[in-house]
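> What follows is a single structure, and I will ask about it in a moment.
The values are calculated or read from the model by the stated rules, or taken from the named source; none is laboratory data. Given the structure is predicted, the values throughout are model-derived calculations rather than measurements. With ideal geometry, Cβ positions are generated from the backbone for all residues, glycine too; neighbour counts draw on all protein chains shown.
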Amino acid sequence: MAKGIIRKLLLPKEEKFFPMFEDMSELISKAAHLLARIIDHNEPSLQEDTFKEIKLLETKADDIVHQVFDTLDATFITPFDREDIQQLTSKLDDVLDNINSCSQQIRLYKPKKLVPQFRELCLVVVRGCEQIRVAVMELHNLKHPQKINDACVKINELENIADDIYHQLISELFDTETDPIELIKNKEVLETLESTTDRIEDVSDILKTIIIKSA
């Protein structure tokens, strides 16, 4: 009887962590699509319900972060390194925080318009978040990590594309925007959007670390 209890305590409880990671990846993907809806709208500052929805998703992600750390404290054996669980959780949360920050900037700054090419960069964010979801769904299968590797490669490619789009947009913004206030508004939103692609790549980096350690 005692041996059975000890065995249950020491066995890895992978099912505790993977669903939480998967839930976070779903929230991230949903938030990215909602941000795209805001940017696609003719008057993005009027998307009040969408701003609130993204904020709600960000709050739900914060709850999951706390849940992961609480579970980590109560678990003896984890599916992979404790430090990597902490890092992955934090990096996932950073992506959603950035998406929410971009959304809130648009809500608060109320730019008269967003440069149309913002949609290109936002699409990169959406695609990157979808690749995060693909990779996270495969974390339970670390002995066969090809799908995770493929997703990480795509994320890196997308980040390079994002850099090119960002520099082109910055150049166009300074060439075409004559209102200095609108220039500042657009530039800050653009910088946060580009920063989001960096945070997505951070997730890819920690996923690659997890794969290497599990080999």
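> Answer yes or no: is there a residue in the range 143-153 that is assigned to a loop (DSSP other than H, G, I, E, B), touching a residue at least 40 places away in the same chain (Cβ under 8 Å) and either in contact with a Ser or Thr (Cβ under 9 Å, 6 or more places away or on another chain) or surrounded by 17 or more Cβ atoms within 10 Å (Cβ to Cβ) (or both).
Within the range 143-153, one or more residues are assigned to a loop (DSSP other than H, G, I, E, B), touching a residue at least 40 places away in the same chain (Cβ under 8 Å) and either in contact with a Ser or Thr (Cβ under 9 Å, 6 or more places away or on another chain) or surrounded by 17 or more Cβ atoms within 10 Å (Cβ to Cβ) (or both).
> Condition first: without any contact (Cβ under 8 Å) to a residue 60 or more places away in the chain and among the aliphatic types (A, V, I, L, M). Can you find one or more residues in the range 133-142 that meet it?
yes
> Could you tell me which residue of the range 77-104 is farthest from the chain's Cα centre (by Cα), considering only residues that are surrounded by fewer than 19 Cβ atoms within 10 Å (Cβ to Cβ) and closer than 30 Å to residue 176 by Cβ?
Among residues in the range 77-104 that are surrounded by fewer than 19 Cβ atoms within 10 Å (Cβ to Cβ) and closer than 30 Å to residue 176 by Cβ, the one farthest from the chain's Cα centre (by Cα) is 104.
> Considering the range 154-164 alone, what residues qualify as being surrounded by fewer than 22 Cβ atoms within 10 Å (Cβ to Cβ) and either farther than 16 Å from residue 29 by Cβ or more than 18 Å from the chain's Cα centre (by Cα) (or both)?
156, 157, 159, 160, 161, 163, 164
> Quick check on the range 110-125. Is at least one of its residues outside any helix (DSSP H, G or I), surrounded by 15 or more Cβ atoms within 10 Å (Cβ to Cβ), touching a Lys or Arg at 6+ places or on another chain (Cβ under 7 Å) and modelled with pLDDT under 95?
For the range 110-125, residues outside any helix (DSSP H, G or I), surrounded by 15 or more Cβ atoms within 10 Å (Cβ to Cβ), touching a Lys or Arg at 6+ places or on another chain (Cβ under 7 Å) and modelled with pLDDT under 95: present.
> Next up: For residue 74, state whether it is within 22 Å of residue 15 (Cβ to Cβ), free of Cβ contacts under 8 Å to residues at least 40 places away in the same chain and either of a type in the set (A, V, I, L, M) or touching a helix residue (DSSP H, G or I) at 6+ places or on another chain (Cβ under 6 Å) (or both).
yes
> If you check residue 74 against the conditions, is it under 30 Å from residue 215 (Cα atoms) and more than 14 Å from the chain's Cα centre (by Cα)?
Criteria met by residue 74.
> Output the number of residues of the range 52-88 satisfying the condition of being farther than 22 Å from residue 133 by Cα and of a type outside the set (Ser, Thr, Tyr).
Summing the residues that are farther than 22 Å from residue 133 by Cα and of a type outside the set (Ser, Thr, Tyr) in the range 52-88 gives 6.
> Read through the list (1) closer than 19 Å to residue 213 by Cβ; (2) in contact with a helix residue (DSSP H, G or I) (Cβ under 6 Å, 6 or more places away or on another chain), then give the number of the only condition that residue 144 fails.
Failed condition: (2).
> Scan the range 74-109 for residues that are part of a loop (DSSP other than H, G, I, E, B) and in contact with a Pro (Cβ under 9 Å, 6 or more places away or on another chain) and jot them down.
Scanning the range 74-109 gives 75, 76, 77, 78, 79.
> Related question: Which pairs do you get when a residue that is on the phi > 0 side of the Ramachandran plot and modelled with pLDDT of 95 or more, found in the range 203-214, comes within reach of a residue that is in a helix (DSSP H, G or I) and charged (D, E, K, R), reach meaning Cβ atoms under 9 angstrom, with the pair 6+ apart or on two chains?
Listed pairs, sorted by first residue: none to list.
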